Amino acid sequence: METVLRKGTGLASKSGLGADRTACVRLRAKPQAARSARSARTARTTHDAPQQDRRFAPSVVQANTRSARKWAGEINAQAAEASNSPEVESPTLQPAKLVPFIFSVGLGVIINFLVPRPDGVSREAWRLLSIFVSTVAGLVVGPLPVGAWAFAGVTAALASKTLTFSAAFSAFNADVIWLVVNAFFLAKGFVKSGLGDRVATHFVKLFGSSSLGLSYGLTVSEGILSPSMPSSTARCGGVYLPIIVSLAKQAGSLPGKTANKLGAFLAQAQLQTTGHLSSISLTGAAQNSLGLLLAANLGHAVPNPWITWFKAGIVPGLVGLILTPLIVYKICPPEIKETPEAPKIAAKKLQDMGPMRKIEWMVAGTMLATMVLWIVGDAIGISGASAAMIGITMQMIGGVLTWDDLLGEKGAWDTLIWFAALVGMSAQLKNLGLIAHLSNGVNSFLATMNMGWPAVFVGLHTAYFLLHYLFASQTAQLAALGAAFLATMIGAGTPPILAALTIPFHTNLFGAITHYASGQAAVYYGSGYYDMKTTFRVGAIIGVLNLVIWGVVGAFWWKLIGIY
C-alpha cells in the first residue's frame with residue numbers, strides 16, 4: 001500500500017501540480033497509513049488469534065491493496081484534471097483612456113461653464129448641450145466603447161437633473177430605433193441559412209468571366225439582397241467578403257504582394273458600390289429611417305416613406321452603380337482582367353450546395369412577407385419595426401433563428417443603447433428650444449449674406465461630407481448632427497422633403513472615404529487586400545464622385561418627380 005501511495009504521489013508531482021498539491025496527497029495518505037497501523041496493533045492485542053490471521057489473510061490484503069490503488073488512481077485523475085484546467089487570471093483594471101476622456105469631458109465643461117449662455121436659452125438646455133457635445137466627442141475619440149460612453153452621457157444628464165428618467169430614455173420606444181436593432185437579426189437569418197451566399201454565387205456564375213464582370217455580378221446580387229437585409233455591415237462581412245476572398249485566392253491573389261491581381265479591386269469596388277445600394281431603398285441600411293425620424297421630429301414627416309424614398313433614390317442610385325465599378329477599375333486596376341475559371345468554380349459550388357434547403361426557403365418566404373409589409377405598411381398602419389418583428393418572429397417559430405441567436409447579436413444591443421441615447425438627447429434639445437434657437441441664429445447670419453437655399457444646401461452638404469473624417473460611424477454622425485443640419489437647411493428655405501431625404505442619402509455615400517468611416521469599410525480593410533493610402537485615395541475620389549452623381553443626376557430627377 002505504501003508503495004502505491006508513493007507512486008500516486010509521484011504521478012501527481014509529474015502532472016505539474018507542484019509541491020503544495022503533492023503535500024496534499026501525502027497528508028491524505030498519512031491518515032490511511034495510521035488507520036492500518038492501529039488495526040494491526042489491535043489485532044496483536046486481541047486474544048482471538050485465528051481472527052487476527054483472517055484479517056491479514058492474503059485475500060484481504062489484496063482487497064485492501066486494490067482499494068488503495070483505486071483511491072490513488074482517483075487522486076491522480078483529479079490532479080491531472082486540475083493541471084489541465086486553464087489558470088484563472090487575476091482581474092485587471094480597464095479604465096477609460098485618459099487623454100480622450102479629458103478631451104471629451106473638458107469640452108463639455110468649457111461649454112457649460114466658460115462659454116456665455118445665449119439669451120433665450122434655458123440653463124437646462126445649455127447644460128444638456130454641453131453633455132451632448134461631450135458625448136459626441138467621446139464617440140469620435142473613444143475614451144470608452146461607444147455604448148459605454150453613451151450610457152455615461154445619459155447618466156450625466158440624469159445625475160445633474162438635466163433630464164428626468166422618462167425623458168432620458170424616451171427614444172427607446174421609437175420605431176426607428178427598433179428597426180435598426182431588428183436589422184441585425186434579419187441579417188443573421190440570411191447569413192445563418194446560407195441564402196445570401198447562394199444568391200451571390202449565382203451572379204458570379206452569370207457575370208464572372210472577367211474581373212469587371214465579377215464586380216458587376218456581385219453588385220447586382222447585393223442589390224437584390226439589400227432591401228431585405230438592412231445591415232450593410234452584415235451584408236459585406238457575412239456574405240460578400242468571404243466570396244471575394246475565395247475568388248481572389250482561386251486567382252492566386254492574396255493579401256500582400258499579390259493583392260493587386262484581383263482581391264484589391266473586388267474589395268474596393270464592392271465597398272464603394274455599397275453606398276449606392278444602401279441609398280436606393282429605405283430598408284437598404286439601418287440608419288436610413290433615422291433621417292426621416294429626425295425630420296418628423298422637426299415637424300416634417302415624409303409621406304408614404306418606403307415608396308417616396310425608393311422613387312427618389314432609384315435613378316441616381318442606378319447611375320452610381322453603373323459608374324462606380326468602372327471608375328474603381330480605372331483607378332485601382334486588377335492585374336488579372338479575365339477570370340474564365342470563376343463561373344466554373346461558382347457552378348461547382350452551387351452543385352455542391354444542392355437544391356435550396358428548407359431553412360433557405362423559410363428565410364426567403366419570411367423576408368418576402370417582411371418586404372411587402374415595409375412597402376404597404378404605411379397604408380395599413382404597420383410600422384417598419386413592426387414588420388421586421390413579424391419577420392423575425394416567423395423565423396423563430398420556423399426554426400431559422402433561436403432566442404440565443406438574438407441574444408448573441410451584441411452589436412444589436414450595443415446599438416440600441418448608444419443610438420437611443422443620442423436620439424433621445426437630440427430630441428430633448430429640440431423640446432427645450434435649443435435647436436430652434438441655434439437654427440434661427442444661423443439663418444439670420446445667412447440672410448445677411450444674401451445666400452439662397454441652394455447655396456446653403458450645397459454648403460451644408462459639403463461640410464457634412466468633410467465632417468465625416470472625424471466620425472467612425474455613419475449612424476453616429478447622423479444622430480449627432482442630422483437634426484441641426486436639417487433645421488438649418490429647412491430654415492434657409494430648402495424644401496423639407498428634399499432635406500429629409502438627402503441627409504440620409506449622403507450619410508450612406510461617405511461610408512467608404514476612410515477605413516473607419518463605417519462598419520463595412522472596417523470589414524473590407526481588415527481583409528488586408530489594400531493599404532491605408534489606397535483607402536484614402538480611392539475613398540476621396542469616389543466620395544466626391546458620389547456627391548456629383550447624386551447632386552447633379554439627383555437634382556434633375558427630384559425636380560422631375562416633384563420633390564422640390
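The values are calculated or read from the model by the stated rules, or taken from the named source; none is laboratory data. Worth saying up front: this structure is predicted, and the values here are computed from it rather than measured. Backbone-built Cβ (ideal geometry, glycine too); neighbour counts: all protein chains shown. With ligands, DNA and RNA removed, areas are computed over all heavy atoms of the protein, side chains included. Shrake-Rupley method; radii C 1.70, N 1.55, O 1.52, S 1.80 Å.
Values as computed for the structure displayed
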| read-out | value |
| --- | --- |
| Residue within region 306-320 that is among the hydroxyl-bearing types (Ser, Thr, Tyr), assigned to a helix (DSSP H, G or I) and open to solvent by less than 10 Å² (accessible area, probe 1.4 Å) present | no |
| Residues being more than 16 Å from Leu318 (Cα to Cα), more than 32 Å from the chain's Cα centre (by Cα) and of a type in the set (Val, Ile, Thr) - total across region 539-564 | 2 |
| Selection status of Ile542, within 24 Å of Phe419 (Cα to Cα) and buried (at least 23 other Cβ atoms within 10 Å of the Cβ) | no |
| Exclusive hit being without any contact (Cβ under 8 Å) to a residue 12 or more places away in the chain and either closer than 28 Å to Ala420 by Cβ or hydroxyl-bearing (Ser, Thr, Tyr) (or both), set Leu466, Leu481 | Leu466 |
| Identity of the residue in region 339-356, loosely packed, with under 14 Cβ neighbours inside 10 Å and at pLDDT 90 or above, that ends up farthest from Lys261 (Cα to Cα) | Pro355 |
| Residue in region 87-117 that is most open to solvent (accessible area, probe 1.4 Å), counting only those that are touching a Phe, Trp or Tyr at 6+ places or on another chain (Cβ under 8 Å) and in contact (Cβ under 8 Å) with a residue 12 or more places away in the chain | Asn112 |
| Those residues of region 252-269 which are open to solvent by 30 Å² or more (accessible area, probe 1.4 Å) and touching a Gly at 6+ places or on another chain (Cβ under 8 Å), in sequence order | Leu254, Pro255, Gly256, Thr258, Lys261 |
| Neighbours by Cβ (under 9 Å, 6+ apart or cross-chain): first from region 242-271, basic (Lys, Arg); second part of a helix (DSSP H, G or I) and modelled with pLDDT under 95 | Lys249/Gly263; Lys261/Ala248 |
| Among (1) open to solvent by less than 10 Å² (accessible area, probe 1.4 Å); (2) of a type outside the set (Asp, Glu); (3) touching a Pro at 6+ places or on another chain (Cβ under 9 Å); (4) in a helix (DSSP H, G or I) - the single one Trp149 does not satisfy | (1) |
| Residue satisfying condition, being farther than 18 Å from Leu277 by Cα and modelled with pLDDT under 95, within set Ala517, Ala483 | Ala483 |
| Of all residues making up region 284-303, the number that are assigned to a helix (DSSP H, G or I) and open to solvent by 50 Å² or more (accessible area, probe 1.4 Å) | 1 |
| Candidates Leu144, Leu129, Leu139 - the one that is more than 21 Å from Leu432 (Cα to Cα) and either at pLDDT 85 or above or of a type outside the set (A, V, I, L, M, F, W, C) (or both) | Leu144 |
| Members of region 221-248 found to be surrounded by fewer than 18 Cβ atoms within 10 Å (Cβ to Cβ) and at pLDDT 85 or above, listed by number | Ile224 |
| Total residues in region 545-562, condition open to solvent by 30 Å² or more (accessible area, probe 1.4 Å) and either under 30 Å from Ser253 (Cβ atoms) or not in a helix (DSSP H, G or I) (or both) | 3 |
| In region 158-209, the residues that are open to solvent by 30 Å² or more (accessible area, probe 1.4 Å), under 18 Å from Phe419 (Cα atoms) and of a type outside the set (S, T, N, Q) | Leu158, Phe165, Phe169, Phe172, Asp175, Trp178, Phe184 |
| Subset tally (residues that are at pLDDT 80 or above and either β-branched (Val, Ile, Thr) or part of a helix (DSSP H, G or I) (or both)) for region 437-453 | 2 |
| Residues of region 392-420 satisfying the condition of being surrounded by 14 or more Cβ atoms within 10 Å (Cβ to Cβ) and within 12 Å of Lys188 (Cα to Cα) | Ile392, Gln395, Met396, Val400, Leu401, Asp405, Leu406, Glu409, Gly411, Ala412 |
| All helices (runs of 4 or more DSSP H) inside region 464-539 with 3 or more residues being open to solvent by less than 30 Å² (accessible area, probe 1.4 Å) and farther than 21 Å from Thr415 by Cα | 474-491, 496-509 |
